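I have placed the structure first, in the form of structure tokens, so that the comments after it can refer back to it.
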Amino acid sequence: MNDSCNRKQFESKVGSIQIPRWKRILDVFLILLVLPLALPMAVFIGVLIMLVSPGPVLFRQERVGFLGQRFMCLKFRTMYIRAETATHEGYLNQLMDSNAPMQKLDARGDSRIITFGLLLRSSGLDELPQLINVLRGEMSLVGPRPCLPYESDKYLPWQRERFNTLPGLTGLWQVGGKNQTTFNEMMQLDIRYTRNKTLWMDLLIIFKTLPVMIGQMLESRLKKCAGNQSNAPSRTGIRTSSFAVNGIERMSHKNQTGKFSVETQPN
């Protein structure tokens, strides 16, 4: 009974909310244009995943799309088989309930990720199989991020307006701040796109996506290097801290015996 009611509601919404024809034409045209480059790259990534981690190359996950309809979203697998998901769900719930920037869990280090997985995720290449979802009409190249069912269940009524367009590989949120924005700010950007999308806006977002992806890769690399340096043990076995007092920087050293010595040097 519920399924029948939901189906009728969906059909009534489809009649009042339409995806512009230019959007479908643009999606198919651009995919055909990049296919000679995307196909060999996809094959290479697939072989790489098979070499570093046993298991399927593709990861299928149920997502929520146009007007709340469910579909199976495709990605290259970047995590080990049977990796637990409670950590991600808890982290997402925390972001939804707080005013914190929506930084990926990867930024804090994630032991579930396979070799080269972080590179694929930070570059967005793990989402390359979603071109299949676009050709199926389940997604578009540009649109809001396709959310998970347990995420959509927590949406407020005003937030559900983001379902009034197809989800996308990139979007206004992805090029407009992403990891620096809060959950509510992401929602506002998604709804802004849903209400105001045009051919020019889609082209502008696609044009901006590559520089943003490169920036994300560099940021991820810098964070990884910084984390490795902070975790590296001191070669001399001495812990050092510094503090400034009256224009003098004091370096306090704790040696193996537990005693402190203090040196001073000009700032």
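The values are calculated or read from the model by the stated rules, or taken from the named source; none is laboratory data. Keep in mind it's a predicted model, so treat the numbers as computed, not measured. Methodologically, a virtual Cβ is constructed for each residue, glycine included, from the backbone with ideal geometry; neighbour enumeration extends over all protein chains shown.
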- Query: Take the residues of region 153-163 that are in contact (Cβ under 8 Å) with a residue 40 or more places away in the chain and in a helix (DSSP H, G or I): which is nearest to Ile214 (Cα to Cα)?
  - Reply: Phe163
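With Leu166, Leu141 as the choices, which residue is assigned to a loop (DSSP other than H, G, I, E, B) and farther than 22 Å from His88 by Cβ? Break it down into steps so the answer makes sense when it comes.
Numbers: Leu141 fails: assigned to a loop (DSSP other than H, G, I, E, B).
So the residue among Leu166, Leu141 that is assigned to a loop (DSSP other than H, G, I, E, B) and farther than 22 Å from His88 by Cβ is Leu166.
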- Task: For region 67-81, state whether one or more residues are touching a Cys at 6+ places or on another chain (Cβ under 8 Å), farther than 24 Å from Val43 by Cβ and surrounded by 15 or more Cβ atoms within 10 Å (Cβ to Cβ).
- Result: no
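Within region 9-18, identify whether any single residue is β-branched (Val, Ile, Thr), modelled with pLDDT under 95, surrounded by 12 or more Cβ atoms within 10 Å (Cβ to Cβ) and not in a helix (DSSP H, G or I), and answer yes or no. First the steps, then the outcome.
Here is the first cut: in region 9-18, the ones β-branched (Val, Ile, Thr) are 14, 17.
Filter once more, so that each one left must be modelled with pLDDT under 95: 14, 17.
Remaining after also requiring surrounded by 12 or more Cβ atoms within 10 Å (Cβ to Cβ): 14, 17.
Then keep just the ones that are not in a helix (DSSP H, G or I); that gives 17.
Checked against the condition, which is being β-branched (Val, Ile, Thr), modelled with pLDDT under 95, surrounded by 12 or more Cβ atoms within 10 Å (Cβ to Cβ) and not in a helix (DSSP H, G or I), region 9-18 yields at least one hit.
Answer yes or no as to whether Ile132 is surrounded by 18 or more Cβ atoms within 10 Å (Cβ to Cβ), part of a helix (DSSP H, G or I) and β-branched (Val, Ile, Thr). Give the steps one after another, and end with the answer.
Numbers: surrounded by 18 or more Cβ atoms within 10 Å (Cβ to Cβ): no; part of a helix (DSSP H, G or I): yes; β-branched (Val, Ile, Thr): yes.
In short, no.
One line per residue, one yes/no per condition, for (1) touching a residue at least 60 places away in the same chain (Cβ under 8 Å); (2) hydrophobic (A, V, I, L, M, F, W, C); (3) in the same structural domain as Arg145 (by TED's automatic domain parsing):
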{"site": "Leu37", "(1), (2), (3)": "no, yes, yes"}
{"site": "Ala42", "(1), (2), (3)": "yes, yes, yes"}
{"site": "Gly46", "(1), (2), (3)": "no, no, yes"}
{"site": "Ile49", "(1), (2), (3)": "yes, yes, yes"}
{"site": "Phe59", "(1), (2), (3)": "no, yes, yes"}
{"site": "Gln103", "(1), (2), (3)": "yes, no, yes"}
{"site": "Ser123", "(1), (2), (3)": "yes, no, yes"}
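Would you point out the residue of region 95-117, among those that are part of a helix (DSSP H, G or I) and within 14 Å of the chain's Cα centre (by Cα), that is surrounded by the fewest Cβ atoms within 10 Å (Cβ to Cβ)?
Let us first name the residues in region 95-117 that are part of a helix (DSSP H, G or I), namely 95-97, 105-108, 117.
Next, only the ones that are within 14 Å of the chain's Cα centre (by Cα) stay: 95, 105-108, 117.
Details: Leu95: 18, Leu105: 15, Asp106: 17, Ala107: 16, Arg108: 10, Gly117: 21.
Only one residue fits best here, namely Arg108.
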- Query: When Tyr150 is evaluated against the numbered criteria (1) part of a helix (DSSP H, G or I); (2) buried (at least 17 other Cβ atoms within 10 Å of the Cβ); (3) at pLDDT below 95, which criterion, by number, is the only one it fails?
  - Reply: (2)
- Query: For region 60-94, what are the residues that are among the aliphatic types (A, V, I, L, M), modelled with pLDDT of 95 or more and part of a strand (DSSP E or B)?
  - Reply: Val64, Met72, Leu74
